[in-house]
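Worksheet: one structure, shown below.
The values are calculated or read from the model by the stated rules, or taken from the named source; none is laboratory data. Note that the structure is a prediction, hence the values are computed from the model and not measured. Here the Cβ positions follow ideal geometry from the backbone for every residue, glycine too, while neighbour counts run over all protein chains shown. Heavy atoms of the whole protein, side chains included, go into the accessibility calculation; ligands, DNA and RNA do not. Shrake-Rupley method; radii C 1.70, N 1.55, O 1.52, S 1.80 Å.
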Amino acid sequence: MRRYIASALVYGLVPLSSALAQGQATVSSQTVDAETFSPLVLSSVLVLDAASETTVAAAASNADGTIIVSGLEPATYTFVFSAAGYDPVERRVIISEINDVYNLGQISLAAVDDAARLNTVTVVGQANQAVSIQPGVNSYSIDNNALAQSGSTLDAMKSLPGVTLDQEGRVLLRGSDRVIILVDGKQSGLTGIGDQSGLESIPAANIARIEIINNPSAKYGAAGGAGVINLIMKDGAQDGWTGDIGLKLGIGALQKARDDLPTDLGSYTNNPKILPAFSLSHGGDKTDILLQGEVLFQEKLPNNEFTTRFYDDGRVIVSQVPENREQTHLIFKGGLDHRFSDQDTLSLAGVFDFETHKDKAEVPFIDQVTGLRNRFWFWIEHEDTGHASVSADYTHAFDQAGHEISARIEYIRGWEDEEYFLNEESPVRPGGFGTDSFHLVAEENTVPISVDYVRPLSNGRVELGSKVQFRWIPITYDTVPGAGSIIYPGLGDESEWRENIYSAYGTLVRETASTVIEAGLRAEQTDVEYNIDPVNIYYPTSDAYDYFELFPNVRLTWKLGESTDISAFYNRRVDRPGEPELRLFPKYDDPELLKVGNPYLRPQFTDAYEVSVKHAWANTTLSGALYYREIDDAFQRIYAIDPTNTVYDIVNKIYQNTGNATNTGIELIATHKQSDWMTLNGSLNVYEIEQDAATVSLLFPVPRQFQLLASSDTTWDAKFTGEFYLPADVKFQLTGVYYAERSTPQGTELARSSIDFGLTKSLRGDTIELSLTGTDIFNEFGLEQELVGNGFTALYQNHYETQVFTAGLKYKF
């Protein structure tokens, strides 16, 4: 014990919070006199590796006896607390990968005559590694992701195990797109409030880690039946001025997966892309500043929809909707952190995101039996979208490490200004030609206000918080129908959607050497109104509903030694339809396949159950999960013929609640470090989706019953990624993705696959970085579906732009 005291006197010169190891776990404590309970100002702690008894870290107390040790990697340690005139006290501390801050509480040191005591305390943290597979949370470092260096956040997610994408760029977890995207644990206008958006516009190089949380705790909110993806942004502030400038050049759709139907325009190919960007930060004694910006100029093919309709009367009609886009997109972000003291910080941030594009398409409708074009639809769309937000965060840190309270207020304003000019050549139009136009303006306003509190315990933590959120979206419509117009009359010219959410939550985590228990409860009161123009002839009244719901979450983890965990989860979530799903105005890019919302749509509730096992070897980690989701009043799009139109064959794609559904599956995720120069990871997800039979009432454009047959289907997704660290500071990444054939509520989605690569090279240390990436290099990731409706079947093929090659240059200063 004498050598411990001597070592402690030497290491006592180390400043508070100092540690020799590098990691993310922090342990705090307070040393006091065992009889008087007064703080011991001149105390210290020596941290030893329990296996080798080598010294790992040391720290000295401050004026109130508080000692903080940071940077501890997962392992078992012996903490030796000592002070002159007192007997040392040992504590056994176990660092694992669940929490990142723990408080040992008061450590009582007795006079020299008292006996030393040995206690066991479990403390949990997260190692700073590229891939961390833990119960309930899988975390991936983006720094080593070569695809991410010149790509978007969406590109980075595509390469992560357990993540799939649909044709609209939405992220799916375990076959469901009911996923909420958070930024640093909070909802953000950048990624959508209550839905997904903007992932293509966030550079992945700005992200430190991505967390995939299939069973979120109460603090993450109640939305997201499939789970939460949390983007942990990089902290750009360093001492003095630092920054970088970059330029990316890309080209998309180098080849066509299918020949265009005969028109003058066709679909865009060899689409150019230019993206200059900058980042500038300054770290000071009291204030840190961060500025970032980028501008994207590109041509793009976001949709290229071929549809072949087979009608029961023998007609076969084929059409193509190539959405040819010319786009400019700029994003500017700025932030300021000001430290009033070591314990009080104010953070201010602002974002301006503006996107403008022009889409144009020529859409032929050809009778395959006769070969004649019986209709020609061509249009131009001008659309401006974006959002601006300002936020203020105030954080007070108490003396104990990790003990803090924070408050946040934010205002987010989004906008959508969309104008269509529609033209048609058709024998049913007077004179064989007709024009229509409409103009839509939507303004989204969101004000979230939240307070969060966290207090570490010696064997767990307590989290408490509350949040109110107000959203309102007024929309105006201006239509100019021509003679023989296909635009539905009587829709009105305005609507307004409002949603107010009041919530509070509490979470308790308790841990022993062999078990972890996490229990949380979130209470939410939700009020929703959808005010419809009184002149609307399809929906007779405006809609409003409210509900109070409790959303519990429970996790039990059993640690079978240092390498194996078994966990059980229960989680209740909600997915509320947003304004796009409720919007009653149809989208006319394909006049015979109209997408339209449903203002009477209701939320769906999900009860999720899961059992998972994780085992770690020296260089390999394997995780397996068996999960079951029960979805009450699920909503989805229904394909139904419009029976009122005797001139055209119009199919409405209408959102509708369709009753109960279940999702049962097994997911395997593995990561293996073959050597210092090669890391492999992959995932396999096999699942079954069952949809109960349902009879639903469609109101648009006329009331009618629709029979949805029961369906059941088993399908799977697989993904494999290899990361290679080559000589001369070169990183290479190769990712393969395969989505097997699967059933949809009214048909089948065919199998598809993609192979992506990324290559980066650093020069002059890491001052200059070169990158080259390719997504879907063989152009095989397009979507194909076979649909069965009442009176028709259809083959839907969307050969949208998935093949993109990008070269990048970044200079850091």
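If the condition is being buried (at least 19 other Cβ atoms within 10 Å of the Cβ) and under 21 Å from TYR538 (Cα atoms), then segment 565-584 contributes PRO577, GLY578, GLU579, LEU582, ARG583, LEU584. Is it the case that segment 261-271 has a residue that's open to solvent by 80 Å² or more (accessible area, probe 1.4 Å), out of contact with any Gly (no Cβ under 9 Å at 6 or more places or on another chain), of a type outside the set (Val, Ile, Thr) and within 24 Å of SER754 (Cα to Cα)? No - not one qualifying residue is present in segment 261-271.
Taken over segment 257-314, the criterion of being more than 26 Å from the chain's Cα centre (by Cα), polar (S, T, N, Q) and within 30 Å of SER341 (Cβ to Cβ) is satisfied by THR287 alone. None of ILE473, ILE487 is aliphatic (A, V, I, L, M), outside any strand (DSSP E or B), open to solvent by less than 20 Å² (accessible area, probe 1.4 Å) and in contact (Cβ under 8 Å) with a residue 40 or more places away in the chain except ILE487.
Could you tell me how many of the residues in segment 616-655 are touching a Leu at 6+ places or on another chain (Cβ under 7 Å), modelled with pLDDT of 90 or more, open to solvent by less than 30 Å² (accessible area, probe 1.4 Å) and over 24 Å from SER139 (Cβ atoms)? Within segment 616-655, residues that are touching a Leu at 6+ places or on another chain (Cβ under 7 Å), modelled with pLDDT of 90 or more, open to solvent by less than 30 Å² (accessible area, probe 1.4 Å) and over 24 Å from SER139 (Cβ atoms) number 2.
Within segment 80-102, the set of residues being part of a strand (DSSP E or B) and among the hydrophobic types (A, V, I, L, M, F, W, C) comprises VAL80, PHE81, VAL89, VAL93, ILE94, ILE95, VAL101.
Listed conditions (1) within 24 Å of the chain's Cα centre (by Cα); (2) closer than 23 Å to LEU684 by Cβ; (3) not basic (Lys, Arg) are all met by THR773, apart from (2). The set of residues in segment 781-798 that are under 30 Å from ALA205 (Cβ atoms) and either more than 25 Å from the chain's Cα centre (by Cα) or of a type in the set (S, T, N, Q) (or both) contains only ASN798. Considering segment 616-673 alone, what residues qualify as being within 30 Å of ASP692 (Cα to Cα) and of a type in the set (S, T, N, Q)? If the condition is that a residue be within 30 Å of ASP692 (Cα to Cα) and of a type in the set (S, T, N, Q), then GLN636, THR644, ASN652, GLN656, ASN657, THR658, ASN660, THR662, ASN663, THR664 are the ones that fit. Within segment 782-797, count every residue that is on the phi > 0 side of the Ramachandran plot and buried (at least 16 other Cβ atoms within 10 Å of the Cβ). Qualifying residue count for the region: 0.
Only one of the numbered conditions (1) assigned to a strand (DSSP E or B); (2) exposed (fewer than 15 other Cβ atoms within 10 Å of the Cβ); (3) without any contact (Cβ under 8 Å) to a residue 40 or more places away in the chain is not met by THR385, and that is (2).
If we scan segment 674-683, do we find a residue that is free of Cβ contacts under 8 Å to residues at least 24 places away in the same chain and part of a strand (DSSP E or B)? Within segment 674-683, one or more residues are free of Cβ contacts under 8 Å to residues at least 24 places away in the same chain and part of a strand (DSSP E or B). Does TYR545 meet the test of being surrounded by fewer than 19 Cβ atoms within 10 Å (Cβ to Cβ) and at pLDDT 90 or above? Against the criterion (surrounded by fewer than 19 Cβ atoms within 10 Å (Cβ to Cβ) and at pLDDT 90 or above), TYR545 qualifies. For ILE180, the conditions (1) assigned to a strand (DSSP E or B); (2) modelled with pLDDT of 90 or more are fulfilled apart from (2).
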